[in-house]
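Nothing in this text is a laboratory measurement; each read-out follows from the coordinates by a stated rule. Nothing here was measured: the structure is a model prediction, and the numbers come from that model. Note that we place each Cβ from the backbone using ideal geometry, even for glycine, and neighbour counts take in every protein chain shown.
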Amino acid sequence: MQDVPKSVRDSTVLCMVIYIFTAISLCGMARLEQFNPETAMADAFSSVGNEWMSMVIYFCAFFGITAAMFTNLMSQPRNLTSQARDGLLPKIFCELNPKTGISDKAAWITCFWVCIIAFFLDLEQITRVISCGNLLTYSFVTACGVALRFRNRETQTISRSDNEKYVWLFLIFSFLNAMSIMKGWPTSISYSFVGIVVLLLIKLMTIDQPNKPRRGHYNAPLVPFLPAIGIQFNFLLACGLDGVTWAYFGAWTLIGLCIYFLYGISYSKLEPKNVTRGNFEYSIVTDDFNLSR
């Protein structure tokens with residue numbers, strides 16, 4: 001239970017250190033304005049006469065980007081299958097190929113929509129929309145993790161804690177605070193949002209956490225302080241994106257909300273009427289869901 005979180009932490013720190021030293025090295029090779037932002041590292045080596053190293057960088061970048069792309073494409077069918085098993089998507093995505101162990105329908109649908117989007121939209125715009133989605137997703141997931149700590153362990157799947165409202169208020173005002181800073185709203189408004197965010201953070205730090213991880217499980221340090229800081233920085237980065245990116249992201253989010261409210265909310269395994277019918281059991285010992293089929 002501790003290996004994966006620790007490996008994520010260690011690999012993140014290692015990548016950060018490598019990026020820092022790489023940036024310092026590039027600054028020592030030539031002035032930054034001389035580099036193309038999309039190929040800065042290769043241009044830096046070309047500027048000092050190492051053309052062969054530039055070719056190596058282009059070669060590695062090509063296969064690195066390709067590997068990352070295929071990793072996302074291969075994981076998406078399993079993601080759709082997991083959501084279908086939870087009742088959020090139609091059951092056709094649960095039909096697995098006995099040879100490959102994945103859903104053929106999910107794989108074909110994923111490839112179809114990826115091709116359509118890549119054909120009609122600009123690549124740079126797509127990357128911005130993905131960045132916006134990732135930043136907001138990380139923020140919401142982080143907030144949910146904090147909210148779960150305020151619930152009672154025995155009833156965390158069926159009842160909420162009154163203290164959760166402070167988490168969602170912090171999420172809302174953190175977004176408004178980031179928007180006021182990045183979009184240049186009046187200083188008085190920005191200071192007001194900063195004050196509210198600080199007060200909500202202090203309130204979160206004083207609330208008892210009955211659902212902290214058990215002994216032997218990974219326990220994130222400084223909760224909810226570190227998650228709150230992460231949420232604020234994520235919103236700052238997201239609010240720095242242009243309006244077109246937000247328009248695309250809003251349209252994509254609207255499609256997801258339509259699917260959820262027209263189908264997922266009624267067939268979800270955690271919907272109250274489905275819970276009473278015994279669609280799932282919750283094990284307090286293993287902290288795992290056992291979904292009935």
Requested in this report: Please find, within the stretch 209-229, the residue that is nearest to PHE173 (Cα to Cα) out of those that are within 20 Å of the chain's Cα centre (by Cα) and surrounded by 15 or more Cβ atoms within 10 Å (Cβ to Cβ).
Outcome: ALA228
Report summary line: Per the filter on the stretch 169-184, residues free of Cβ contacts under 8 Å to residues at least 60 places away in the same chain and of a type in the set (S, T, N, Q) are ASN177, SER180
Query raised in the report: Could you list, in sequence order, the residues of the stretch 39-61 that are part of a helix (DSSP H, G or I), among the hydrophobic types (A, V, I, L, M, F, W, C) and more than 28 Å from the chain's Cα centre (by Cα)?
Result: ALA42, ALA44, PHE45, TRP52, MET53, MET55, VAL56, ILE57, PHE59
Report summary line: Selection over the stretch 175-208 where residues are crowded, with 16+ Cβ neighbours inside 10 Å and within 12 Å of VAL146 (Cβ to Cβ) yields a count of 4
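Just checking, does the stretch 26-38 include any residue being part of a helix (DSSP H, G or I), closer than 30 Å to LYS105 by Cα and without any contact (Cβ under 8 Å) to a residue 60 or more places away in the chain?
Within the stretch 26-38, none of the residues are part of a helix (DSSP H, G or I), closer than 30 Å to LYS105 by Cα and without any contact (Cβ under 8 Å) to a residue 60 or more places away in the chain.
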Requested in this report: Restricting attention to the stretch 185-242, report how many residues are in contact (Cβ under 8 Å) with a residue 40 or more places away in the chain, polar (S, T, N, Q) and part of a helix (DSSP H, G or I).
Outcome: 2
Query - Evaluation of PHE21 against (1) more than 30 Å from TYR218 (Cβ to Cβ); (2) over 24 Å from the mean Cα position of the chain (by Cα) (one fails), failing number - result: (1)
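Condition check: under 30 Å from ASP86 (Cβ atoms), outside any loop (DSSP other than H, G, I, E, B) and of a type outside the set (Ser, Thr, Tyr). Does ILE172 satisfy that?
So ILE172 fits the description; yes.
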Query raised in the report: Is there a residue in the stretch 161-168 that is over 13 Å from GLN232 (Cα atoms), in contact (Cβ under 8 Å) with a residue 60 or more places away in the chain and basic (Lys, Arg)?
Result: no
